[in-house]
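Read through the structure below, which is laid out as structure tokens, and then see the notes.
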Amino acid sequence: MNGYFDCNATTPLHPAARAAWLEASDRFWHNPSSLYHGAGAARQGLEDAREQVADWLGCGAEDIVFLSGATEANNAVMRHCASPGSESGILAAVSGLEHPSVVEPARHEFRDRLRGIPCTATGVADLAALPEMVARDRPALVSLMAANNETGVLQPWEEALSICREHGTAFHCDAAQWIGKMPAGNLGQCDWVTGSAHKFGGPKGIGFLKVPPGGRPLRWLRGGPQEERRRAGTENLPAVAAMVAAWAAREKELSSAENRAAALAARQGFEQRLRTVLPEAGIIAEHSPRLWNTVLITVPLPENVKWLVRLSAMGFQVSTGSACSQGGGASEVLRAMGLSTEKLGQVLRLSGGWETTLADWLALADAFATVAGTISQRPPGLSTAAAVLS
Ligand code: PMP
């Protein structure tokens, strides 16, 4: 049984990624910037990977910058667009659903020049006011993620992109949760796109940033001339090769309508069984279009951590929310969706992967039923700490 249901936090390394990492480490260990013959192969390996990523996104290979992941990429975008010389002004609009790696640098860089894009109670960005705002305020950047990491809700990023296009405004899409789960084509139309390998079976610490062609060149990390002077530091070619191998495996899965339908049916099977075995549970953004792998639920009292601990003891790994908001207070995204403080303490995020089967999802639903039984049988008066550990 595969009891891992926290794929939106990270995923295990795909075997193809591991093989590619080992092969690249052996074959391409030279510094791609060195001039002798052996390094040429490493340089070629890096450029082949760049072309492959550009091909999936539908953009030019010269627009792809490799870096350490989506956090770095999102920081680079905000810094670049807020810095003097930015062509279209200094204001930015960022949706209320964004990951902290977008929100925090946006707040830091744009301060009182940051505008919000609201979201509905169903977890979808509300773009009704965006055309007027973009026309009036001429922001330097609009940012909307492709799929939300907490709810799994798919966002209208293509609509936001076309609004921005009409007004010549740059558009940034954080696609960290989309890539590997949904087809990547069309994302390359966005000016800026960020992605992270460890969300789809690649290694940690590697990702990419798609930058707009032409215009003011990105100068993010300064130092050596790597990545066309856009991101200094010796390239992590084995990790890049592993990211491409994992991505290739995911695109292959995505190319099969049968696979996609089975993955969605597995999660839906869970939801159906959960409704039967634990009718008091709720599904957040139930009727919104969601990633096939994600379901955010509310469990009945006691609070979510106690459910998590009991599920963990039974071999199921779930999350109380986004790994990036753990310890950082309640989720701003769920607050923006209007969840009460009490409900926030009852949320559990379940995110499977391509390897998660219907049987795994159903076993998880049955585990919820078992936990519901043990929680209600808990003797009264047990201390909170003991209850959490029990
Ligand atoms: N954006 C989103 C939507 C994410 O889910 C995450 C990872 N939680 C990130 C950005 C940050 O990615 P990384 O781990 O590569 O820094």
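Every number in this text was worked out from the coordinates using simple rules, so none of it is lab data. Note that the coordinates shown come from a computational prediction; the quantities given were computed from them, not determined experimentally. Positions of Cβ are backbone-derived with ideal geometry, glycine not excepted, and every protein chain shown enters the neighbour counts.
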At 0.36 nm per residue, and after removing the present C-alpha to C-alpha distance, how many nm does the segment from ASP366 to ALA61 gain when stretched out fully? 105.1 nm
Give me the angle, in degrees from 0 to 90, between the Cα long axis of helix 37-57 and the longest principal axis of the Cα atoms of the chain, rounded to the nearest 10. 60
Going by how many other beta carbons lie within 10 Å of each one, how would you line up LEU127, LEU264, LEU237, LEU278, fewest first? LEU264, LEU278, LEU127, LEU237
Within 10 Å of each residue's Cβ, count the other Cβ atoms and sort LEU254, LEU130, LEU154 from fewest upward. LEU254, LEU154, LEU130
Amide H partners (placed H, <5 Å) of GLY205, local residues excluded: HIS198
Helix 304-313: inclination vs the chain longest Cα principal axis, degrees, rounded to 10, gives 90
How large is ³J(HN,Hα) for each residue in the range 357-368, as worked out from phi by the Karplus curve 6.51 cos²θ - 1.76 cosθ + 1.60 (θ = phi - 60°), to whole Hz, x for Gly and Pro? 9, 4, 4, 5, 4, 5, 4, 5, 4, 5, 5, 4
Evaluated over the range 94-231, the Cα radius of gyration and Dmax, each in Å: 15.1, 47
Over 31 Å apart: what share of the alpha carbon pairs of the chain falls there, rounded to a whole percent? 40
For the range 68-214, what is the relative contact order in percent, using Cα pairs closer than 8 Å and at least 6 residues apart in sequence? 25
Within the chain, how many lysine pairs that are 8 or more places apart, or on different chains, have C-alpha atoms less than 23 Å apart? 9
I need the phi-derived Karplus couplings for the range 136-151: 6.51 cos²θ - 1.76 cosθ + 1.60, θ = phi - 60°, integer Hz, Gly and Pro marked x. 7, 8, 6, x, 6, 7, 10, 10, 9, 6, 7, 9, 7, 6, 8, 8
When only C-alpha pairs under 8 Å and at least 6 residues apart count, what is the relative contact order of the chain, in percent? 22
Angle in degrees between helix 70-82 and the longest Cα principal axis of the chain, rounded to the nearest 10: 50
Ranking GLU150, GLU342, GLU235 by Cβ neighbours within 10 Å, fewest first, what do you get? GLU342, GLU235, GLU150
